[in-house]
Amino acid sequence: MIRYALACEQGHAFESWFQNSAAYDRQAARRLINCPVCGSTKVTKALMTPQLSGTKKGGDAPRSAAAPSQATSAAAAVASQAPPDAAAAPAPAPVAMMTPQERELRKKLKELRQHLVKNADYVGQKFPEEARKMHYGEVKHRSIYGEATPGQAKELHEEGIEFHPLPVLPDERN
Ligand SMILES: [Zn+2]
């Protein structure tokens with residue numbers, strides 16, 4: 001038997017005994033472990049306490065060295081959104097190391113984007129239509145932004161209509 005300190009998504013800490021670590025994994029994956037306080041089945045291992053009873057040290061060695069404690073609420077929050085078996089490995093996000101120049105550039109991009117969004121008219125999916133009207137002199141030139149499919153963008157480009165993708169910064173994606 002092995003005892004685990006567990007915590008539910010609400011942060012209630014409790015302990016439970018399992019036959020071995022594999023038994024815990026199985027039960028956790030199938031949401032068979034309930035928080036005794038609130039009944040939640042979104043439970044994560046808080047801190048491993050490899051307190052073996054009955055069995056001698058042998059085949060089923062405790063994995064305490066390999067499993068860092070996950071007592072933080074952040075780990076619980078991740079676990080509550082991810083499927084059980086992915087709880088320990090949140091999806092990687094694009095990241096970059098930046099030089100000061102690149103940081104400056106990024107700041108400028110952000111400023112450009114904010115300027116555009118603030119001063120241009122949002123025309124949504126009517127962007128190709130509006131851009132054409134301006135290009136062919138049907139309406140007065142103004143700054144607009146909106147959406148265009150790759151196909152529409154290609155057509156506009158072929159008609160000689162100049163436009164630019166709105167810079168999107170990695171941390172602003174929804
Ligand atoms: Zn609870």
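The values are calculated or read from the model by the stated rules, or taken from the named source; none is laboratory data. Just so you know, these numbers come straight off a predicted model, no measurement behind them. Counting neighbours? That spans all protein chains shown, and the Cβs are built from the backbone with ideal geometry, glycine included.
Structure notes:
- Within region 7-30, residues that are at positive phi and assigned to a strand (DSSP E or B) reach no partner that is modelled with pLDDT of 90 or more and away from the ligand (no atom under 13 Å from the Cβ) with beta carbons closer than 6 Å at six or more positions or on different chains.
- Residue check for residue 142: surrounded by 15 or more Cβ atoms within 10 Å (Cβ to Cβ), free of Cβ contacts under 8 Å to residues at least 40 places away in the same chain and either farther than 15 Å from residue 113 by Cα or not aliphatic (A, V, I, L, M) (or both): no
- Residue that is farthest from residue 35 (Cα to Cα), among those in region 1-17 that are hydrophobic (A, V, I, L, M, F, W, C) and buried (at least 18 other Cβ atoms within 10 Å of the Cβ): 2
- Some residue of region 26-42 being at pLDDT 50 or above, touching a Phe, Trp or Tyr at 6+ places or on another chain (Cβ under 8 Å) and more than 13 Å from the ligand (Cβ to nearest atom): yes
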